[in-house]
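What follows draws every value from the coordinates through simple rules; no lab data is involved. Bear in mind that the values here come from a model prediction, so they are computed numbers and not experimental data. A quick note on method: Cβ atoms are made from the backbone with ideal geometry, for glycine too, and the neighbour counts reach across all protein chains shown.
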Amino acid sequence: MKLKYFSHSSFQITTDSGLVLLIDPFLDDNPTSPVTSDQVGADFIVLTHAHGDHLGDGFKIAARTDPLFICVNELANYCSEKGFRAHNMHIGGSYAFDFGSLKFTIAHHGSMTPEGTYGGEPAGVVLSIDGKTLYHTGDTGLFYDMKLIGEMTSLDYMLVPIGDNFTMGIVDAVKAVELANPGIAIPMHYNTFPVIEADPQEFRKGVEAIGKQVVVMGFGDEIVL
Ligand code: NI
Ligand code: MN
């Protein structure tokens, strides 16, 4: 599979069979995104929570390309109420989709829709696609059960917020990598706005100091996993 980074927590996965998943597609109002929402399409849109910088342009993209939204129950209902297709799940549950399997994990954060209604619990997501596993933590503070997530699924990649203020900062993000123990850590949710400025090279140094690997993806970069 291929992983493309649009900055913030926004990623595009293209499977070997050509299916396209978007995770948290925050593009048009994202000053660091190299693309706008009219330049992307999706077969599936995975949302970790309902905040505007994660739900993002999901509905605009869906209006053009009719993807299946995959989210926790309350947020999936919100997508359905807007007239879009959704698969309702919840934390701890996994499901086998055409692209591979997906499991929602806990995340310590909030989740309110742009309309101010409850968006359900915020989540992280563990994906198993084309023989690789990838953990996108969503927006979260550090929690010790990241160790459990890494024990239950041997993780090849972990997408970790480092921007602080709303999520983990670098020190906690390094600890998160130590706990979940992925093959490669990839920083996210930083430098989008002044309040979440962070140096990914500082994160790299911290992670390498505990003997783990980091790939810092540039905004717009695509890598083969
Ligand atoms: Ni958030
Ligand atoms: Mn966020």
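Quick notes
- Computed [θ] at 222 nm, deg cm²/dmol, the chain (DSSP H ≥ 4; -39,500 (n - 2.57); rounded to nearest 500): -6000 deg cm²/dmol
- With the convex hull drawn around the C-alpha atoms of the stretch 24-105, the volume per residue stands at 91 Å³.
- Per-residue HN-Hα couplings for the stretch 30-36 [Karplus 6.51, -1.76, 1.60; θ = phi - 60°; Hz; x = Gly/Pro]: 9, x, 9, 6, x, 10, 9
- DSSP-assigned coil residues among GluC sites (Glu not before Pro) in the stretch 71-160, each with at most 13 further Cβ atoms within 10 Å: 115
- Annotation: lysines with alpha-carbon distance below 18 angstrom to residue 60 (same-chain offsets under eight excluded): 82.
- Listing 104, 193 from fewest to most neighbouring C-beta atoms within 10 Å gives 193, 104.
- Hits among aspartates and glutamates - C-alpha to C-alpha of residue 175 under 20 Å, sequence gap 8 or more where chains match: 139, 145, 151, 156, 164, 197, 199, 202, 208
- Mean shadow area of the chain over all directions, Cα convex hull, nm²: 10.5
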